[in-house]
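The values are calculated or read from the model by the stated rules, or taken from the named source; none is laboratory data. From a predicted model like this one, the values you see are computed outputs, not experimental measurements. Cβ coordinates were reconstructed from backbone atoms using ideal geometry, including for glycine residues, and neighbour counts include every protein chain displayed. Note: areas computed on protein heavy atoms with side chains; ligands, DNA, RNA excluded. Shrake-Rupley method; radii C 1.70, N 1.55, O 1.52, S 1.80 Å.
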Number of protein chains: 2
Amino acid sequence: MKSYRQSLVLELVDQEPITSQEQLRERLKGRGIDVTQATLSRDIRDLGLVKRASDGAYRRPGVEEAAGDPLPVLRRAVAEILRGIEAVQTLVVLRTDPGQAQPLAIAIDRARLADVAGTISGDDTILVICRGEREAQTFRRQIEEWVRT
Amino acid sequence: MKSYRQSLVLELVDQEPITSQEQLRERLKGRGIDVTQATLSRDIRDLGLVKRASDGAYRRPGVEEAAGDPLPVLRRAVAEILRGIEAVQTLVVLRTDPGQAQPLAIAIDRARLADVAGTISGDDTILVICRGEREAQTFRRQIEEWVRT
DNA sequence: CACAATCCTGAATATTTATGAAATCCTATC
DNA sequence: GATAGGATTTCATAAATATTCAGGATTGTG
């Protein structure tokens with residue numbers, strides 16, 4: 001019983017956001033398993049599940065969430081907060097308004113562009129490490145394009 | 001106030017197991033910060049901390065038990081949260097899941113590897129500055145090795 | 001079978017966390 | 001300084017979770 005129930009718990013937790021033990025209880029009932037919240041509290045401890053404060057959902061540790069399409073977010077971010085751009089060999093330096101570098105850098109990271117190996121950012125400057133000099137130019141041109149649009 | 005307090009929360013949570021918001025409240029009071037539990041509930045959500053059911057301790061997602069030898073910690077961190085690695089000249093760019101770069105960078109720093117001069121990290125990217133191109137390759141290979149194991 | 005030891009569970013309850021509403025604190029502007 | 005608007009915090013309370021205790025099951029042993 002117990003181990004079957006626990007494997008079902010993992011399955012449920014993986015396929016939809018479960019944010020409370022009561023909710024989990026209902027889902028299990030739907031599958032013909034009826035237990036109390038106390039039991040689920042113990043199951044969750046046994047399974048080592050984790051409750052993320054950001055959305056309150058139970059998760060197996062280490063499994064991350066995928067969000068919506070990051071490209072539009074990036075385009076908006078560029079249009080809104082980019083103030084300057086410059087390529088130096090394989091690096092591209094972006095300037096923003098004070099305090100805006102971090103959000104823009106995150107947008108770039110999440111867009112997972114082919115030219116970009118990664119970014120590091122300070123307060124109003126972002127360093128974009130590109131995969132080569134050619135890629136740095138391509139990236140700069142792409143961004144400049146977005147600024148104009 | 002808020003951002004200072006939140007950085008203190010991260011610090012406290014990293015250095016000892018905090019299992020309730022009241023406990024966190026006491027620790028903060030010990031550092032001269034006096035707030036209510038309600039505020040901490042919101043801070044914890046803002047910071048995206050996670051409460052592990054296995055021991056009830058709050059953690060930054062992805063960070064594993066900080067203890068003794070830093071190498072095993074690093075290996076585990078690599079296995080768990082590394083998503084990509086790439087060397088560009090003397091630099092190595094590591095990619096992680098969103099928001100996970102910081103903890104992995106800390107693990108690298110603490111391991112004090114011979115090839116590594118230092119690290120800088122953003123949201124999901126870490127820039128590792130190696131002591132030379134040869135060392136960058138060695139470091140990359142070492143990490144890749146760990147990913148496979 | 002009888003017994004003990006152990007595991008699992010539910011009920012009741014204690015503890016912990018989240019939240020709505022009001023109060024307070026900041027910051028910018030006149 | 002006075003004031004508006006927003007952010008942040010507290011207070012009070014609701015909601016969610018953990019735990020204690022006791023009652024079956026189940027298993028192993030003589």
With Rh as the Kirkwood radius over Cα pairs, the range B:70-148 has Rg/Rh of 0.91
Filtered pair list for the protein assembly as shown (Lys only, Cα < 22 Å, 8 or more apart or interchain) has a length of 7
homo-copy label distances at residue B:72 (7 angstrom along Cα-Cβ), nm, one dp, ascending, are 4.8
With N residues in the protein assembly as shown, Rg(alpha-carbon) / (2.2 N^0.38 Å) equals 1.12
Summing -39500 (n - 2.57) over every DSSP H run of at least 4 residues in chain B and dividing by its residue count gives a helix-only mean residue ellipticity at 222 nm, to the nearest 500 deg cm²/dmol, of -15500 deg cm²/dmol
Per-residue average of other protein chain Cβ atoms inside 10 Å, peptide B:35-48 -> 1
Highest mean packing first, using Cβ neighbours within 10 angstrom, the peptides B:35-41, A:136-142 sort as A:136-142, B:35-41
Label points for residue A:56 built 7 Å along Cα→Cβ; distances to same position in the other copies, nm, shortest first, come to 2.1
Ignoring ligands and nucleic acids, residue A:81 exposes an accessible area, probe 1.4 Å, in Å² to the nearest 10, of 20 Å²
Between the alpha carbon centres of the range B:1-60 and the range B:73-123 the gap in Å comes to 25 Å
Computed about the Cα centre, the charge dipole of the protein assembly as shown from +1 Lys/Arg and -1 Asp/Glu charges at the Cβ has a magnitude in debye, to the nearest 20, of 480 debye
Output row for residue A:45: copy-to-copy label distances, label 7 Å along Cα→C-beta, ascending, in nanometres, one decimal, is 2.6
In square angstrom to the nearest 100, the accessible surface buried at the B/A interface, both sides summed with a 1.4 Å probe, amounts to 2100 Å²
Cα-based Rg and Dmax for the range A:2-59, in Å, come out at 10.2, 31
Bounding extents of chain B in its principal axis frame from Cα atoms, largest first in Å, are 53, 31, 25
